[in-house]
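Here is the structure we will look at, set down as structure tokens.
The values are calculated or read from the model by the stated rules, or taken from the named source; none is laboratory data. Given the structure is predicted, the values throughout are model-derived calculations rather than measurements. Every residue, glycine among them, receives a Cβ derived from its backbone with ideal geometry; neighbour counts consider all protein chains shown. Note: areas computed on protein heavy atoms with side chains; ligands, DNA, RNA excluded. Shrake-Rupley method; radii C 1.70, N 1.55, O 1.52, S 1.80 Å.
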Amino acid sequence: MQDRDTEFGEFLDSRASVMRRTAYLLCGGDWHRAEDLVQTTLTKIYVAWPRIRRDGSVDAYSRKIMVRAAIDESRKAYRRRESVVEDLPEPLSTPPAGVEDAVDVRRALAQLPAGQRAVVVLRYWEDMSVTDVAQTLGKSEGTIKSQAAKGLAALRKLLESGDLAEAGDG
């Protein structure tokens with residue numbers, strides 16, 4: 001058991017920040033949901049650790065689990081409810097250079113359907129090949145190419161129109 005915990009700890013140390021950033025994008029810019037997604041993913045990885053470690057497919061398995069969990073979570077009805085807060089935070093007087101563009105991209109990304117968002121994040125953020133994304137999502141390469149093209153087109157349209165809904169800025 002100690003070897004398992006040590007190996008898992010080493011994996012966690014090396015991949016935790018990348019997993020958090022990917023989860024953040026998969027969750028449409030909501031850090032709270034991203035943290036929950038990472039925890040769900042890590043729990044499933046730990047349970048399957050002996051098998052996936054032996055197969056040498058830890059990164060592929062973790063991406064697949066994370067994407068599937070994000071898509072499943074996005075389908076839950078409670079996610080569509082708004083959360084009410086008593087006071088809004090004060091906006092920054094002048095955001096650092098490039099922040100507004102990043103916020104716009106994140107907001108546009110959050111408006112994509114979960115499956116399309118997963119393809120765009122895996123393909124362009126994780127820099128995975130079409131074949132790898134298809135294997136991760138269990139879809140055909142043609143579907144991945146189509147979803148990537150539609151996702152990029154939708155992002156361009158949203159960014160050009162400026163019609164960006166507020167994302168979970170957490």
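Of Ile65, Ile52, the residue with the largest accessible area leads and the full order is Ile65, Ile52 (1.4 Å probe).
The heavy atoms of Asp36 present about 100 square angstrom of accessible area, all protein chains included, probe 1.4 Å. Over all other residues within a Cβ to Cβ distance under 14 Å of Ala148, the charged ones net out to +2, with Lys and Arg as +1 and Asp and Glu as -1. Say R0 is 35 Å: what FRET efficiency, to the nearest 0.05, do Lys139 and Thr43 get from their beta-carbon distance? Here the calculated transfer efficiency is 0.90. Based on the Cβ-Cβ distance from Arg51 to Ala153, what FRET efficiency comes out when R0 is 41 Å, to the nearest 0.05? Given R0 = 41 Å and the Cβ-Cβ separation, E is 0.55. What does the net charge come to around Glu10 if you take all other residues with beta carbon closer than 13 Å to its beta carbon, with K and R at +1 and D and E at -1? Neighbourhood net charge equals -1.
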